[in-house]
Amino acid sequence: MGFDVKNIEDKPEIAIVYLKGRLDVHYSSEVETQINKLISEGKKKLVISLNDVEYLSSSGLRIFIAISRTLKEVNGQLKLIKLNETARKIFKIVELIDMFDIYESEEEAINSFM
Amino acid sequence: MDEIKLTSDPKNLKVIADFVGKILKKRKIKSDIIEEILLAVDEAATNIIKHSYQEKTDGNIKLILETGPDKIAVSIFDNGITFRPEDVPLPVLSKDIDNRRPGGLGIFLMKKFMDDVTFYFKGTSGRDFNEVRMVKYLN
């Protein structure tokens, strides 16, 4: 399990979060706590990379819904990047794929922030 | 038939996934089928940890995996509080994220990925344990 954050020098509101490992109930609650901490520190524009997420459960889906709602309350935005085939399949099945802004690269996601 | 017994510690979700995944790989089940079964098993075990054992980490869980030429069956047993899935409303797959209920996604995914999902409850037909049995047909 891993949780790394990259900041962008001239864009203090943006943080890129790299998740790693199994996004099951165990790891999801930890991730949610860490991300809420980032939001409370003023990171209102979040890019979350799922590149190294080897497994995604409904607990993982739930935190993306929760984070999206929290960010909306503070006029923030959430972008997801690098979903693998299985993650995409799960997002599609629960009809969440169109509800999130999903990009292939960090650059695309960062440039899409308004 | 393969069997594993463990406690309701969320860290054991990975142990369960490794156990089931390894056996199914050895049986040369296709990787996309394995992924679907692992997801359903994880969701079922998560429900046991969260609902049957209310996140207590010392509850007993037993998993039995049966692999046949035409189907894979997984039964997971627990001795916690009877969790009736019909008490959890299935998610409303609305277009609006704000109206999404947080619960029910796990059972929804279990039913999507497996062909049969049956719950047997403690206290019925002389049972002293809960069981969720999930079957995937291979054809």
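The values are calculated or read from the model by the stated rules, or taken from the named source; none is laboratory data. None of these values were measured; they are calculated from a predicted model. So basically every Cβ, Gly included, is an ideal-geometry build from the backbone, and we count neighbours across all protein chains shown. Protein only, heavy atoms only, side chains kept; ligands, DNA and RNA dropped before computing areas. Shrake-Rupley method; radii C 1.70, N 1.55, O 1.52, S 1.80 Å.
The angle between the Cα long axis of helix A:58-73 and the main principal axis of chain A comes to about 20°, on a 0 to 90 degree scale.
Site pair A:GLU107 and B:PHE129 shows an inter-label distance of 5.6 nm when each label is modelled 7 Å from Cα along Cα→Cβ. Backbone phi angles across the stretch A:44-49, fed through the Karplus curve with coefficients 6.51, -1.76 and 1.60 (θ = phi - 60°), yield HN-Hα couplings of 9, 10, 10, 10, 10, 9 Hz in residue order; Gly and Pro are listed as x. Near B:LEU65, once Lys and Arg are set to +1 and Asp and Glu to -1 for all other residues with Cβ below 9 Å from its Cβ, the sum equals -3. Our note on the geometry: Cα centres of the stretch B:57-74 and the stretch A:22-62, 29 Å apart.
Placing dummy labels 7 Å off each Cα toward the beta-carbon, the span from A:VAL5 to A:LYS20 is 1.7 nm. Under a 5 Å amide H cut-off, with hydrogens placed 1.01 Å from N, B:LYS71 pairs with B:LEU138 among residues at least 5 apart or on other chains. Over the residues of chain A, the helix contribution to mean residue ellipticity at 222 nm works out to -12500 deg cm²/dmol, using -39500 (n - 2.57) for each DSSP H run of at least 4. Projected over all directions and averaged, the alpha-carbon convex hull of the protein assembly as shown occupies 14.2 nm². Taking R0 as 35 Å, what FRET efficiency do you get between B:ILE64 and A:ILE97 from their Cβ-Cβ distance, rounded to the nearest 0.05? Using R0 = 35 Å, I get an efficiency of 0.50.
Taking a ≥ b ≥ c as the square roots of the eigenvalues of the Cα gyration tensor, the stretch B:2-137 is classed as oblate, since a/c reaches at least 1.5 and a/b does not exceed b/c.
Rg over Rh for the stretch A:1-91 works out to 0.94, using Cα positions for both radii and the Kirkwood form for Rh.
For chain A, the longest principal axis of the alpha carbon atoms and the long axis of helix A:25-40 meet at an angle near 10°.
Distances between placed amide hydrogens fall under 5 Å for A:ASP52 paired with A:LEU19, all partners being 5 or more residues away or on another chain. Beta-bridge orientation, the protein assembly as shown: approximately 65 percent antiparallel, per DSSP, counting only bridges with both partners inside. The HN-Hα couplings worked out from phi for the stretch B:55-60 by the Karplus form 6.51 cos²θ - 1.76 cosθ + 1.60 (θ = phi - 60°) are 6, 6, 9, 10, x, 8 Hz, whole numbers, x standing for Gly and Pro.
Per residue, the solvent-accessible area of chain A (1.4 Å probe, heavy atoms of protein chains only, all protein chains present) comes to 48 Å².
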